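Novice: Can you read through this structure? Questions will come right after.
The values are calculated or read from the model by the stated rules, or taken from the named source; none is laboratory data. These figures come from a predicted structure and were not determined experimentally. Backbone-built Cβ (ideal geometry, glycine too); neighbour counts: all protein chains shown. Each accessible area value is taken on the protein alone, full model and side chains, heavy atoms only, with ligands, DNA and RNA left out. Shrake-Rupley method; radii C 1.70, N 1.55, O 1.52, S 1.80 Å.
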Amino acid sequence: MMGPAHSLSGAAAWLGVGAATAAAGYPMPWPVLVVGALISAGAALAPDLDHKSATISRAFGPLSRSVCGVVDTISHAVYKATKMRGDSNRNGGHRTLTHTWVWAVLVGAGMSLLAVQGGRWAVLGILFVHMVLAIEGLLWRAARVSSDVLVWLLGAATAWILAGVLDEPGNGAGWLFTEPGQEYLWLGLPIVLGALVHDIGDALTVSGCPILWPIPIGRKRWYPLGPPKGMRFRAGSWVELKVLMPAFMLLGGIGALGALGYI
């Protein structure tokens, strides 16, 4: 799928989690709901770090383009080193390593550890990166006609404000993990969720997605999971734009209402 659909699906997924936790008797504080939805929206773009033309490659100018090039090279090397006889030969690393559950879990765990060990500035850094990505994904029309600097300033201001709100007692710094020293440990959860939702979205397209790597399926270690071919669509097609994106908006709205206790 394209970047905007990925971001919408990531935000909707976290809002759905918020509704589920509220129904189970463990409601999220509203700042956790908002911040988690924005982080998940941004994280839903991150698996495309292996694609030099993806939305994330433009998000931070030359830096993100360089990172995408490096990740593409690493992903391709991992693919070649681990492929089985049934896996095809590839010229690049797109939809390989960064599109797996292993990547999602490792990145989410790493961000949680960084948030806990790095203190406030680490939290601000995590929020800044994901706020910029969320802006690029959710407000794509405005982001593409404005300067990168304006997007970065908006991301920085949003990160600073949200970090201040979360730091207030009872607002969510210690949500879910309540022991001393575990503040912001939950930040990795929307990152994992956003990455996995991205992979599921890509699995619906004609190319499928090797989410289960390194678990072999048949003669392939990089088996492209997906529905029957007749149910798949091309990225950017009318199915994505006219059906899935409105559906993500609707489901996100329902999830938000459920998370806040209105339904």
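Novice: Would you mind computing, in nm to one decimal, how far apart the modelled labels at L212 and T82 are, each placed 7 Å from Cα along Cα→Cβ?
Specialist: The answer from the label model is 1.5 nm.
Novice: Then there's this: Could you check which residue among S64, S88, S207 shows the biggest mean-square fluctuation in a GNM of the chain with a 10 Å Cα cutoff?
Specialist: Evaluated over the chain, the most mobile residue of the options is S88.
Novice: Could you tell me how far the Cα centroid of the stretch 215-239 sits from the Cα centroid of the stretch 108-158, in Å?
Specialist: If we compute the Cα centre of each part, the gap is 31 Å.
Novice: Let me ask something additional. Subtract the Cα-Cα distance of A20 and L106 from 0.36 nm times their separation in residues, and report this length gain in nm to one decimal.
Specialist: Full-extension gain reported as 28.5 nm.
Novice: Quick check for you: with a 1.4 Å probe and neighbouring chains kept, what is the accessible area per residue of the stretch 155-263, in Å²?
Specialist: Spelled out: the 1.4 Å probe surface of the stretch 155-263, per residue, equals 53 Å².
Novice: What nm value, rounded to one decimal, do you get for the distance between E179 and R141 when each label is placed 7 Å out toward the C-beta?
Specialist: Going by the 7 Å Cα→Cβ label model, 4.9 nm.
Novice: Please give the length that would be gained between W238 and R65 if that part of the chain were fully extended, namely 0.36 nm times their separation in residues minus their C-alpha to C-alpha distance (nm, one decimal).
Specialist: Result: 59.4 nm gained on full extension.
Novice: Same structure, new question: Normalised by the residues of the chain, what does the relative contact order come to in percent, with Cα pairs under 8 Å and at least six apart?
Specialist: 34
Novice: How much of the accessible area of the chain, probe 1.4 Å, is carbon plus sulfur, in whole percent?
Specialist: Carbon plus sulfur share of accessible area: 69 percent.
Novice: Which three numbers, in whole Å and largest first, are the semi-axes of the equivalent ellipsoid of the chain derived from its Cα gyration tensor as √(5λ)?
Specialist: Ellipsoid semi-axes (Å, largest first): 29, 21, 19.
Novice: Give me the dipole magnitude in Debye, nearest 20, for the stretch 181-263 about the Cα centre, with unit charges on the beta carbon: positive for Lys and Arg, negative for Asp and Glu.
Specialist: I would put it at about 540 debye.
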